[in-house]
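The values are calculated or read from the model by the stated rules, or taken from the named source; none is laboratory data. Values in this document were obtained by computation on a predicted structure and should not be read as measured data. Quick reminder, even Gly has a Cβ in these numbers, built from the backbone with ideal geometry, and neighbours come from all protein chains shown.
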Amino acid sequence: MTDVRILVDADACPVKDEIYKVALRHKVPVVIVANSYMRIPEHTLISRKMVTDSFDAADDWIAEQADAASIVITADILLADRCLKAGARVLSPTGKPFTDASIGPAIAVRAIHADLRAGLGDGIARGPAPFSKADRSRFLSALDTALQAAQRDQG
């Protein structure tokens, strides 16, 4: 049996502080995965994994490590899909869980948006909506719930 842990796709993750807070309360290790140095709190439960700067190196490392005892935090839909296939629980930084039922439609919407952006040709990059306090609150609740479920399943 593997202990529950949190794997974080950290490069653009806006909820790292929230992850540390919840993980330490539950005494669950966190691995911050990035392709550049990132400051992390000094605590035995929090570690960093620096990967090469090759394309998708962080995603590849996370997907290889993900298993049924993992909670993966990522906004990357394709990485979420890979981790779900490995049995991991996956949350977006807004607290939205990726599930087997939701990942297919999410991938389809991602493809449609990519096609629309490619067809716009106006040079205006459109990204996600600004991160809000409600997103942060929803994330805290969702991570707490996911950790409780994972610990119950692994216990």
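Among the residues of segment 79-105, write down those that are hydrophobic (A, V, I, L, M, F, W, C) and over 10 Å from the mean Cα position of the chain (by Cα).
Those that are hydrophobic (A, V, I, L, M, F, W, C) and over 10 Å from the mean Cα position of the chain (by Cα): Leu84, Ala86, Ala88, Ala101, Ile103.
Please state which of the following conditions Asp76 fails to meet, knowing it meets all the rest: (1) farther than 23 Å from Asp135 by Cα; (2) within 14 Å of the chain's Cα centre (by Cα); (3) modelled with pLDDT under 95; (4) acidic (Asp, Glu).
Every condition holds for Asp76 apart from (1).
Residues Asp81, Asp67: which one is surrounded by 13 or more Cβ atoms within 10 Å (Cβ to Cβ), touching a Gly at 6+ places or on another chain (Cβ under 9 Å), among the charged types (D, E, K, R) and not in a helix (DSSP H, G or I)? Working first, answer last.
Numbers: Asp81 fails: not in a helix (DSSP H, G or I).
Selected residue: Asp67, the only one of Asp81, Asp67 that is surrounded by 13 or more Cβ atoms within 10 Å (Cβ to Cβ), touching a Gly at 6+ places or on another chain (Cβ under 9 Å), among the charged types (D, E, K, R) and not in a helix (DSSP H, G or I).
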